[in-house]
Protein chains: 2
Amino acid sequence: MTKKLAKSAISQKRVLDAAAKIFRDFGYAGTTMRVIAEEAELKAGSIYYHYKSKDDLISAVLDLGIKAVIDAVKDALAKLPEDAPGRLRVQTAIHAHLSAIIDNGDYTLATRRVFGQVPEAIREKNLRLRNSYAAMWQDILTEAQKRGEFRPDANLSLARLFILGALNWTVEWFKPGGSSIDEVARNFSAVVVDGLVVRPDVTASGAAEAEEKDPPRTVRIRAL
Amino acid sequence: MTKKLAKSAISQKRVLDAAAKIFRDFGYAGTTMRVIAEEAELKAGSIYYHYKSKDDLISAVLDLGIKAVIDAVKDALAKLPEDAPGRLRVQTAIHAHLSAIIDNGDYTLATRRVFGQVPEAIREKNLRLRNSYAAMWQDILTEAQKRGEFRPDANLSLARLFILGALNWTVEWFKPGGSSIDEVARNFSAVVVDGLVVRPDVTASGAAEAEEKDPPRTVRIRAL
DNA sequence: CCTCTTTTCTAACTAGTGTTAGTTTTTCGA
DNA sequence: TCGAAAAACTAACACTAGTTAGAAAAGAGG
């Protein structure tokens, strides 16, 4: 069996791109094969030459959406030196994640908006990919905590959920005219990392008296 | 014209609750009047006695979803003393927001999932409420920055987007069995606030040499 | 018990859904 | 240029959608 013809692959991608865009705007049920076809400059029936059902299409969109992010983050992390500190790993992952979800905006947005509405089986399949991605982040965080770079009392599962939640939400408000990806990544890293790293006044010796003089600056948060 | 009868109001709320739940699970287009009716123990046609269209229903769900959060956060902030520091205001707002969106889970989730798929006019109307809520958060943050409590170089618009993004995402993963609302709120606050407050080693005199001895702990994040 | 109002139901309409079978057009190597 | 393979189209199918008009039931007050 030889490779698929180029022509077919192009057309297939055009349908997939169109599907991502329409799913993004109208949700799972709100998306019709006829509208996807129109977006892809085709007739509805022709889609079935490339994808065997609507569910097949949404499944492809979902998988590609998360895979693009996984690959981007993995590649960026792989380029770091072995001994790169946790802070840099987090910064790098944040930047790569942001770039990926904005470059693949239609797919990520479609994924985010449609995920909860898709048939159980399709969601389950896609969930496996997402879980592996979550595990990747968890590794970065726990590794850094083990090395003493992050506060030992931080709940890293919650921190991960915070980070990925905020990151994934960016596609909702990010517009090309506003802050650049670099700017957003830098600011977000600043918020997250400076809340996670061990603070000098905690580890460094001779910082205790400063804390006593100025209680409101204490690291630990009182329960509400 | 007298007040509406109690009986009618109860039935109307039952329909609205059912609608929130179904919209949450199936999205805007995926939700059918017949399924909402079933959930509310009614026949499809009867819904139209209470709401004049499907769009009327979704609009009510969206508005109630955001209003519940606004009221909760406003109330919590009002109970703070006049001179409450920014750190405490942020903690309080985070906790109130979290409590509200989890108590009104169906409405918040429906709102989050359906917002992007709803007809333009309805979205526009709901957006006004959401903008007023965003402005409220912005006030808390800028006020604290003015008073010197938060880093002067932090981009507070971005910070707000991160916070609200992460908070709104919690409804996707929060389960009664896991971390409590208090725990989540405390951890989120820790991440956010400790990333925003002025760090002692920046303001306090005599911290410079510590920074020189241990460069990786520097506050500012290098661009990637 | 009767009557008026509120609430619910029934049955139907039109429009649009995913999908398919069969046909036509396009592509491209020999 | 011919002809087979690939790609796209057409027209229809069974089904479900939101909505409505009118009948029926439930409730309340006298």
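Assuming R0 = 41 Å, what is the FRET efficiency of residue B:143 and residue A:48, from their Cβ-Cβ distance, to the nearest 0.05?
It comes to 0.10.
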Proxy exposure order for B:172, B:124 (fewest C-beta within 10 Å first) is B:124, B:172
Label point 7 Å beyond Cα along the C-beta direction, distances from residue A:79 to other copies (nm, shortest first): 5.0
Determine, for B:143, B:82, the number of other Cβ atoms within 10 Å of each Cβ, and report the residues in order from fewest to most. B:82, B:143
Can I get the semi-axes of the stretch A:1-104's equivalent ellipsoid? Compute them from the C-alpha gyration tensor as square roots of 5 times the eigenvalues, in angstrom, largest first. 34, 17, 10
Label-point gap, in nm, between residue B:32 and residue B:9 - each point 7 angstrom along Cα→Cβ: 3.4
Could you give the length gained by full extension between residue A:41 and residue A:182, i.e. 0.36 nm per residue of separation minus their alpha carbon distance, to one decimal place? 47.2 nm
Calculated log₁₀ intensity ratio I(q)/I(0) where the Debye formula runs over C-alpha points of the stretch A:55-117, q = 0.18, 0.23, 0.29 Å⁻¹: -0.65, -0.86, -1.13
What percentages, rounded to whole numbers, describe P(r) for the stretch A:61-217 computed over all alpha carbon pairs with 5 Å bin width beginning at zero? 1, 8, 16, 19, 18, 14, 10, 6, 4, 2, 1, 0
Shortest first and in nm, the label-point separations between residue B:53 and its counterparts in the other identical copies (7 Å out along Cα→Cβ) come to 3.3
Label geometry 7 Å along the beta-carbon vector: residue A:142 inter-copy distances in nm: 4.3
Estimated distance in nm for a label pair at residue A:71 and residue B:70, the labels positioned 7 Å out from Cα along Cα-to-Cβ: 4.4
Tell me, what is the FRET efficiency for residue A:131 and residue B:55 to the nearest 0.05, using R0 = 30 angstrom and their Cβ-Cβ distance as r? 0.25
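Coordinate-derived values only; no laboratory data. In this text, all values refer to a predicted model and were calculated from it rather than measured experimentally. Every residue, glycine as well, gets a Cβ built from its backbone with ideal geometry; the counts of neighbours run over all protein chains shown.
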